[in-house]
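*Asks:* Structure provided below as structure tokens; questions to follow.
The values are calculated or read from the model by the stated rules, or taken from the named source; none is laboratory data. Because the structure is a prediction, the values reported are computed rather than measured. Every residue, glycine among them, receives a Cβ derived from its backbone with ideal geometry; neighbour counts consider all protein chains shown.
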């Protein structure tokens, strides 16, 4: 029998035999195995997408009512992707907190302790707050407290579905929580949501205290969303037009009311626009159109960066930070956010949804469609 006294720190007899058993450690990660898993997942997604594209045109012809409901469900469900390693590194340097939003919660992060000014970062559709994390350190160096958040149904925030009106409501909720911001920096559809929030639509208070605006790769119109969705899914345009009418009825809005040309005249704030000529998701013509209809807008064009890499481009970041550092000053400096980022105790601030200034139709739509 093996003597086990040695394992417990007891001296073993001289004649005993000590047998050492090496317990293997956990198996190290196999890069090849991980690559195979990723490739398998990619193949399965491609198969699922091809099957979906085969089904949807036939569903549009044979069962248009079913196709319309499916289209609405898919259209209002943003895809969630895992943040890459560099985004997780950015978040590790931030303080995390939550902001109530109706029956949901928005997950948020803050960089910088003693900044005299505040900058709010707003991501686009199917995005996440960490995508704009490259802006945190340069803005903190300019004296900003920087806040990013995941929109409803996005990233780590609660909810499974979302919409442009609800994203606008989330922007308004964050600005109420922060008691305004000296600069709002928004990417892609987040720019439209920001414009809708500042214009007081839908059913939002329009007295949000904001200084300068910076929009990166923004759309100038929302009708293109339907066309791109048709190309991606294979659903027919009649089905998608009916889907649009259902969404308009649900939220008590009309599609054209979310056009930048309708919103811009109601927002008396400067805006800086950055767009890449190689953007395949939102063509640069839309950025140019937005800059043309927005009074006093500045346009910064780049090349070779596409729709998302522009957020990490050093030249673009340098110009953007320089702009908001110069013009980012809100009109009312009396309202300052709490250092922890938590909501203040006033009922007007706490009750984001269902407050007297909100649309009852919008509140009912947001509360009911996520089940």
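*Asks:* So which helices (runs of 4 or more DSSP H) are wholly in region 190-279 and hold at least 3 residues that are modelled with pLDDT of 90 or more and within 20 Å of residue 162 (Cβ to Cβ)?
*Replies:* 237-251
*Asks:* Does region 124-137 contain at least one residue that is modelled with pLDDT under 90 and surrounded by fewer than 24 Cβ atoms within 10 Å (Cβ to Cβ)?
*Replies:* no
*Asks:* Considering only region 263-284, how many residues are under 26 Å from residue 231 (Cβ atoms) and without any contact (Cβ under 8 Å) to a residue 40 or more places away in the chain?
*Replies:* 5
*Asks:* Hey, another quick one. Suppose we keep only residues that are in contact with a helix residue (DSSP H, G or I) (Cβ under 8 Å, 6 or more places away or on another chain) and closer than 17 Å to residue 167 by Cα within region 84-106. Which one would you say is surrounded by the most Cβ atoms within 10 Å (Cβ to Cβ)?
*Replies:* Filtering region 84-106 for residues that are in contact with a helix residue (DSSP H, G or I) (Cβ under 8 Å, 6 or more places away or on another chain) and closer than 17 Å to residue 167 by Cα, the one surrounded by the most Cβ atoms within 10 Å (Cβ to Cβ) comes out as 106.
*Asks:* Exactly one condition in (1) out of contact with any strand residue (DSSP E or B) (no Cβ under 9 Å at 6 or more places or on another chain); (2) surrounded by fewer than 19 Cβ atoms within 10 Å (Cβ to Cβ); (3) closer than 22 Å to residue 118 by Cβ is not met by residue 209; state its number.
*Replies:* Of (1) out of contact with any strand residue (DSSP E or B) (no Cβ under 9 Å at 6 or more places or on another chain); (2) surrounded by fewer than 19 Cβ atoms within 10 Å (Cβ to Cβ); (3) closer than 22 Å to residue 118 by Cβ, only one is false for residue 209: (1).
*Asks:* Additional query: Scan region 340-356 and give yes if some residue there is modelled with pLDDT of 85 or more, in contact with a strand residue (DSSP E or B) (Cβ under 9 Å, 6 or more places away or on another chain), in a loop (DSSP other than H, G, I, E, B) and closer than 21 Å to residue 168 by Cβ, otherwise no.
*Replies:* No - not one qualifying residue is present in region 340-356.
*Asks:* Kindly provide the set of residues from region 314-327 that are touching a helix residue (DSSP H, G or I) at 6+ places or on another chain (Cβ under 9 Å) and either outside the structural domain of residue 87 (by TED's automatic domain parsing) or crowded, with 18+ Cβ neighbours inside 10 Å (or both), ordered by number.
*Replies:* 316, 317, 320, 321, 324, 325
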